[in-house]
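Report on the structure given below.
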Amino acid sequence: MTTSVAACGLLGSLVSACGSSGADPTTLRLVVPEYGTNAATGSKAYWDKLTTAFTAAHPGKKIEVKIYPWADIDREVTRMVDEGDAPDVALMGAYSDFAAQGRLYTAGDVMSVPAEANFLRPLAAAGSVDGNLYGLPFVASSRLLFYNEKLFDKAGAKPPKTWSELKTAAKALKKDGVLYPYALPLGPEEAHAEALIWELSNGGGYTDDSGGYNIASEENTETFDWIKDNLVVPALTGPVPPAELNRQDAFTAFLRGDVGMVNGYPSLLHEARAKGMKVGTLRMPVSDTLGNTQTPPAAGVADWMMAFRHDGNRELVSSFLNFVYEDKNLNEFAGRYHLLPSTVSATEASQYAATDPSAEQFLSALRSAQLYPVDEPSWLQVSDTIKRNIGRAVAPSADPKTVLEQIAQQAKDETQK
């Protein structure tokens with residue numbers, strides 16, 4: 001997930017070299033990110049198997065796949081497009097800038113009617129611009145609050161449902177010597193995810209009802225004021241300043257048993273249980289202002305397939321995408337990385353959901369989740385601004401309102417470009 005719902009890959013491997021400009025109607029060029037973290041978990045095995053099955057069913061056709069690390073794929077696909085050498089299909093964390101340039105097919109152009117109608121509703125909404133689905137959601141995740149049951153039991157802490165209860169639990173954990181009572185990863189790796197989780201839990205978010213950016217809203221300002229005053233200043237977020245704590249470092253600390261609470265996604269839960277850890281999961285606690293009056297949406301993240309327009313490639317792209325989104329193929333990838341499939345039928349058929357009771361909690365959260373404003377062409381640049389700056393809002397000497405207003409102004413500037 002570009003921000004990706006999966007761990008960023010450390011390896012970039014080549015399934016086969018990229019070929020021509022995409023005009024060859026018998027060859028499809030596919031660019032995808034690396035979801036694995038080592039050779040054993042690398043994505044190459046999945047794409048090898050999938051493309052072999054596809055070409056066996058479509059004699060005379062060929063799929064060429066290039067795999068890039070998550071840190072590079074946005075830049076590499078943008079470079080290809082700028083050089084007039086766009087792939088036929090790409091999988092990455094954003095799509096709307098290419099849609100705005102008129103470079104993409106809509107789902108209606110390349111997918112069957114049942115396949116297009118099969119996407120989970122929040123994902124389809126996030127993948128649409130002006131009523132047309134351009135970003136085809138592939139795999140997704142929702143975020144839940146994880147807590148280490150062993151540390152909670154030892155500290156006498158209770159699973160929190162509100163911010164004040166979260167603070168109480170964090171204080172008990174700190175008193176019992178837990179290094180990170182609440183891990184707050186607002187470092188540049190994925191700060192925009194952690195920030196959105198907190199904003200939603202107070203009725204805020206990145207956009208207003210009209211879809212425009214509303215980063216410095218009253219609700220968001222209240223949120224970061226509370227985090228600063230109630231968690232950071234009392235040293236309940238651990239030894240690393242939140243602006244310097246990256247998601248992967250927070251997850252690694254959690255797996256070591258050094259973290260009481262952290263927001264996570266399904267693959268982290270799988271890793272923790274594989275280590276024998278007892279982990280509880282619950283929706284992000286809500287602000288005391290909201291209390292029991294409403295249940296805010298969880299934060300959701302998806303990765304997007306997009307089909308680039310080239311003369312003569314529509315038929316092959318259509319065949320390939322309809323094949324990729326068959327339940328068996330989609331679930332094999334989602335299960336490999338402990339993510340959630342993007343379609344209704346694949347979700348119902350998911351072995352992950354059938355074998356892991358906690359999966360239903362993630363799936364339920366995803367069905368009503370709030371995603372990033374990926375339909376806004378400026379989101380890639382705005383999200384980068386958030387990732388690099390939002391951590392400053394909770395620094396002990398900072399004024400959260402000022403920091404949020406600075407980010408909001410940069411977002412406005414990007415939107416007007």
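The values are calculated or read from the model by the stated rules, or taken from the named source; none is laboratory data. As the structure is a computational prediction, the values presented were derived from the model and not from experiment. Note that we place each Cβ from the backbone using ideal geometry, even for glycine, and neighbour counts take in every protein chain shown. Heads up: the accessible areas ignore ligands, DNA and RNA and are worked out on the full protein's heavy atoms, side chains in. Shrake-Rupley method; radii C 1.70, N 1.55, O 1.52, S 1.80 Å.
Taking a sphere under 10 Å around the Cβ of P242 and counting the other residues whose Cβ falls inside, with K and R at +1 and D and E at -1, yields a net charge of 0.
For the chain, set up a Gaussian network in which alpha carbons nearer than 10 Å are linked by springs, and say which option among A94, A346, A56 fluctuates the most. In the Gaussian network model the winner is A56. Using the 1.4 Å probe convention, the accessible area of segment 297-417 works out to 42 Å² per residue with neighbouring protein chains retained. Beta bridges per DSSP, both residues in the chain: antiparallel share near 65 percent.
With the simple spin-label model, which puts each label point 7 Å out from Cα in the Cβ direction, the D109 to T252 separation comes to 4.3 nm.
Provide the percentage of antiparallel DSSP beta bridges, counting only those with both residues in segment 27-173; round to the nearest 5. Mind showing how you got there, number by number?
On the way: 2 of 11 bridges.
Roughly 20 percent of the beta bridges in segment 27-173 run antiparallel, per DSSP.
Straight-line cross-link reach from K278 at under 17 Å between alpha-carbon atoms covers these lysines, not counting any fewer than eight positions away in the same chain: K150, K154, K158.
Percent of accessible area on the chain owned by carbon and sulfur, 1.4 Å probe? If you can, show how the numbers build up before the last one.
Details: 8200 of 16660 Å².
Whole-percent figure for carbon plus sulfur exposure: 49.
Over the chain, with a Gaussian network built from C-alpha contacts below 10 Å, which listed residue (Q101, Q381, Q370) shows the highest mean-square fluctuation? Judging by the Gaussian network model, the answer is Q101. Counting only Cα atoms, the chain measures 67, 48, 36 Å along its principal axes, largest extent leading.
Calculated mean residue ellipticity at 222 nm for the chain: -12000 deg cm²/dmol, from DSSP H runs with n ≥ 4 weighted as -39500 (n - 2.57), summed, divided by the residue count and rounded to 500. Of the GluC sites (Glu not before Pro) found in segment 315-410, those that fall in a DSSP loop while having at most 16 other beta-carbon atoms within 10 Å are E326.
Taking all protein chains into account, the per residue accessible area for segment 148-218 stands at 42 Å² (1.4 Å probe).
Scan segment 72-132 for GluC sites (Glu not before Pro) in coil per DSSP, keeping those whose Cβ has at most 14 other Cβ atoms within 10 Å, and list them by number.
Details: sites: E76, E83, E116; in loops: E83.
In loop regions of segment 72-132 (DSSP not H, G, I, E or B), the sparsely surrounded GluC sites (Glu not before Pro) are E83.
Where nothing but the Cβ of Lys and Arg (+1) and of Asp and Glu (-1) is charged, how large is the charge dipole of segment 25-172 around its Cα centre, in debye to the nearest 20? Write out the running numbers ahead of the final one.
On the way: 17 positive and 17 negative charges, 168 e Å.
Using only the charged Cβ atoms, the result is roughly 800 debye.
Loop-located trypsin sites (Lys or Arg not before Pro) across segment 264-358 with a Cβ neighbour count of 13 or fewer within 10 Å are K275, K278, with loop assigned by DSSP.
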